[in-house]
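Notes for the one structure printed next.
The values are calculated or read from the model by the stated rules, or taken from the named source; none is laboratory data. Quantities reported herein were computed from a predicted structural model and do not represent experimental measurements. Cβ coordinates were reconstructed from backbone atoms using ideal geometry, including for glycine residues, and neighbour counts include every protein chain displayed. SASA here: full protein model, heavy atoms, side chains in, ligands and nucleic acids out. Shrake-Rupley method; radii C 1.70, N 1.55, O 1.52, S 1.80 Å.
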2 protein chains.
Amino acid sequence: MGLTDAKSVKHGIRAVAARAGVSTASVSRALNNPDAVSPSLRVRIEQAIDALGYIPHAPARILSSRRSRTLGAIVPTIDNTMFARGIASLQHYLSSVGYMLFLTTSGYDLDVELQQARNLISRGVDGLVLRGDCHHEGLRKLLADNAVPFINVGIYQPDRPYPCVGTDNEAGAHRAAAHVIELGHRRIGIVSALQRNNDRASARVAGFRRALTESGLELRSQWHVEVPYTLDDAREAARYLLGLKDRPTAVVCGNDVIAYGVLLEAERSGFSVPRDLSVVGFDDLDWSRHLRPSLTTIYVPTGETWQRAGEYLVRSLAGEQTIMHREIDFSLVVRESTAPPPKSLK
Amino acid sequence: MGLTDAKSVKHGIRAVAARAGVSTASVSRALNNPDAVSPSLRVRIEQAIDALGYIPHAPARILSSRRSRTLGAIVPTIDNTMFARGIASLQHYLSSVGYMLFLTTSGYDLDVELQQARNLISRGVDGLVLRGDCHHEGLRKLLADNAVPFINVGIYQPDRPYPCVGTDNEAGAHRAAAHVIELGHRRIGIVSALQRNNDRASARVAGFRRALTESGLELRSQWHVEVPYTLDDAREAARYLLGLKDRPTAVVCGNDVIAYGVLLEAERSGFSVPRDLSVVGFDDLDWSRHLRPSLTTIYVPTGETWQRAGEYLVRSLAGEQTIMHREIDFSLVVRESTAPPPKSLK
DNA sequence: TGCATATCTGAAAACGGTTACAAACTAGAC
DNA sequence: GTCTAGTTTGTAACCGTTTTCAGATATGCA
């Protein structure tokens, strides 16, 4: 245990340097760019590192290098299979390339989202992953002022000047509605998620509507209900729709959770799906194929979407060329919950 | 636009200080402890701050103060309603007290967990929230060496020297099994989660077993199956159990997801629940009350549990007195999936 | 008014790394 | 043996805050 200098250091890179008999610069290099240091030094430094159990101090590193190798993500809520999946996938990818993820939630509140963005920027994130393109106007300014790269995920808007990756929700919804129209349905109800501050939800409603209009079908206003993201609310909506004198024979839903609610409530109220009522979801969560009857829905590769978002930012930060607008394909998955309408109601 | 000094600064606390005509020390104080600065200075500083759109640089702050107001959490996976709930609740609480959460996942791998802990410590977290008390042996040393406070969540082990908060899983499982025993079942199967590296799962199995033993019932080894956390695996287990010549009349499950799988598979195979088979879950996730038949299960206040974990760490860090072992009560929720066994099989 | 005491404020040294720059080597060519 | 170019290493300034310490200013009281 050799004395080093007058003032010996206990922790940190200086302690490692002292123990290995090199300068802090070399230790730093050995850590960040091993090839920049000769093999002999490298092993000496590595020995010193694990002899001391040295753990680099990320904040100091960030301060000094102005890069954190950390991305931030702001999602409405984590308590939702869709986002949980996406985040899990993003996190998995990021850790594979040596990045970390700072995750925060906004609760569908744009002010909170802005605040969280400030928070994340303060934390020194290198880039930001945002849900959709519906943000507080201060957010764009904040991102621009601080030169923080970002990407909107879960939507596809090639005409907008912001990077995004996701499926074309309008087209997906159109496909879903077209499916029940092809089956012969003429009275089609919509149970959508709340459209306020949710461009994904609105795009889907737009797609549903366009399909109906193109087929010359009317969408009565009482056949369109908006509900929050819970099974209970969806069930209530179903109860209302099925209670109408002139009820729809098919219901297209803004997402799978809503569809589950509609399906459960229909069955509980004595309607048989798909004999009496057809139901279509959107997202294709796990439950969709397990439920009885299983749910016809639009499959969306959520994991891939979020991973691509991560790739976009990591590549941009590395100075590589990247695609600004990337579309992720959806597909219609036909299962048991849809069938032609009953003769009597046709 | 007054020139300040020879070298004028664009960003950072110095820019604010220059603009407000004060020292950086005062700006820092105005930010961290507003009462320590006179009202007149405070307003001048606040004006300068939002005139410049100044955002404090957290890493610098952490480096200098050696506190990050950030907690780390390592969960097996985020893609699981239980954890998603817990995390959401923890995050909500933390943000209410000005803390942030760094979330990482281990995928049920103790080595990865250790690595993530190192990662989080490197990031400068003030404390760590861990799942259960089943960790890599290097983890305890790491935590001790770096003096990082932590808490094991989701379990209750008053006899261990580590802080924890959670329900008594053994007792909960005992209650679940006792319920079907009270209903008259004598042939009781167990479908548990994988016990390896999962003390929660093992405690539940222990509880099931104790209940059986106390009632003088035998647990045949072929009536106990372990499955990963997916609906598909649980369904397969159910298929196996129900295919046995001498099948159980009731199945107690390690968690709700497993119970869903058993329930779905039973119904799909033509068994009626609870007439032909009783099923009990554990956790009481959302789906349990929506499913048909709804699921009898053990309610666990996950949100409260994780929030308490956060409270424990925040309070400890503030130097307050805290309770090291906190038990969170569970309760049995009887719904439609349990009933006395069929006469013929009694 | 003078003095002790409490309250505010500022100068400057950390905090633990990275990195520009310079110095010291090394190897190859003449 | 000298010179050049290339490689490896070290020195020290800097990243943007907090915080100690001391000086300045205000307050209370005799």
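Brief remarks on what is shown
- For a label point 7 Å along the Cα-to-beta-carbon line of B:Lys343, residues of segment B:159-195 with backbone N under 20 Å: B:183-187
- The contact between chain A and chain B removes approximately 4200 Å² from the accessible area (both sides summed; 1.4 Å probe; ligands, DNA and RNA excluded).
- Share, in percent, of DSSP beta bridges within segment A:67-346 that are antiparallel, nearest 5: 10 percent
- C-alpha center-to-center spacing [segment A:60-75, segment B:230-258] in angstrom: 47 Å
- At 7 Å out from Cα toward Cβ: B:Gln321 inter-copy label distances (nm, ascending): 6.8
- Nitroxide proxy distance, nm - points 7 Å out along Cα→Cβ at A:Gln321 and A:Leu110: 3.6 nm
- Out of every Cα-Cα pair that segment B:12-56 contains, those further apart than 17 angstrom amount to 13 percent.
- Only Lys, Arg (+1) and Asp, Glu (-1) charged, at Cβ; the protein assembly as shown dipole about Cα centre in debye: 960 debye
- Where Cα atoms sit under 27 Å apart: lysine pairs in the protein assembly as shown separated by 8 or more or lying on different chains: 6
- Inter-copy label distances at A:Val334, shortest first and taken from points set 7 Å along Cα to Cβ: 4.7 nm.
- Pairwise FRET efficiency - A:Tyr162 versus A:Ala36, Cβ, R0 = 35 Å, nearest 0.05: 0.40
- Between A:Asp133 and A:Arg292, the FRET efficiency estimated from the beta carbon spacing at R0 = 30 angstrom works out to 0.20.
- Cut-off 17 Å (backbone N to label point 7 Å along Cα→Cβ of A:Phe271), residues of segment A:220-246: A:220-227, A:231-246
- Cα gyration tensor category, rounded, prolate or oblate, for segment A:166-257 with a/c compared to 1.5: oblate
- With respect to chain B, whose longest principal axis is taken over its alpha-carbon atoms, helix B:110-122 is tilted by about 20°.
- Only Lys, Arg (+1) and Asp, Glu (-1) charged, at Cβ; segment A:275-327 dipole about Cα centre in debye: 120 debye
- Shape of segment A:1-154, Cα gyration tensor, a/c cut at 1.5: prolate
- Identity and axial distance of the chain B residue whose Cβ lies nearest the axis relating B to A, Å: B:Pro59, 2
- Distance between segment B:314-344 and segment B:156-202 - C-alpha centres, whole angstrom: 11 Å
- Surface composition of segment B:12-56: carbon and sulfur atoms hold 47% of the protein heavy-atom accessible area at a 1.4 Å probe.
- In a reduced charge model with +1 at each Lys and Arg Cβ and -1 at each Asp and Glu Cβ, segment B:44-157 shows a dipole moment near 380 debye about its Cα centre.
- Of the residues B:Pro228, B:Ala259, A:Phe150, the one whose Cα sits farthest towards the positive end of the charge dipole of the protein assembly as shown is A:Phe150 (charges of +1 on Lys and Arg Cβ, -1 on Asp and Glu Cβ, taken about the Cα centre).
- Selected from B:Gly132, B:Gly21, B:Gly72 as most flexible by GNM, with chain B as the system and alpha-carbon contacts under 10 Å: B:Gly21
- GNM result for chain A, Cα springs below 10 Å: residue of A:Asn80, A:Asn198, A:Asn152 fluctuating most strongly: A:Asn80
- Share of Cα-Cα pairs in the protein assembly as shown lying beyond 43 Å, as whole percent: 35 percent
- Looking at the protein assembly as shown alone, DSSP beta bridges between its own residues are antiparallel in about 10 percent of cases.
- Distance between the 7 Å Cα→Cβ label points at B:Glu182 and A:Thr77: 3.3 nm.
- Accessible area of A:Lys141 in the full protein assembly, 1.4 Å probe (Å², nearest 10): 130 Å²
- Within a Gaussian network of chain B (alpha carbon springs, distance under 10 Å), most fluctuating of B:Gly243, B:Gly53, B:Gly138: B:Gly53
- Inter-copy spacing of A:Leu110 label points, which lie 7 Å from Cα along Cα→Cβ, given in nm from shortest upward: 5.1
- When only Cα pairs below 8 angstrom with a gap of at least 6 residues are kept, chain A shows a relative contact order of 16 percent.
- Estimated from the Cβ-Cβ distance and a Förster radius of 56 angstrom, the FRET efficiency linking B:Leu52 and B:Ser331 is about 0.55.
- Estimated at the nearest 10 Å², the accessible area of B:Cys253 is 0 Å² with a 1.4 Å probe.
- When the Cα positions of A:Ile55, A:Ala18, A:Val43 are compared along the charge dipole of segment A:12-56, A:Ala18 comes out farthest toward the positive end, with charges on each C-beta of Lys, Arg, Asp and Glu.
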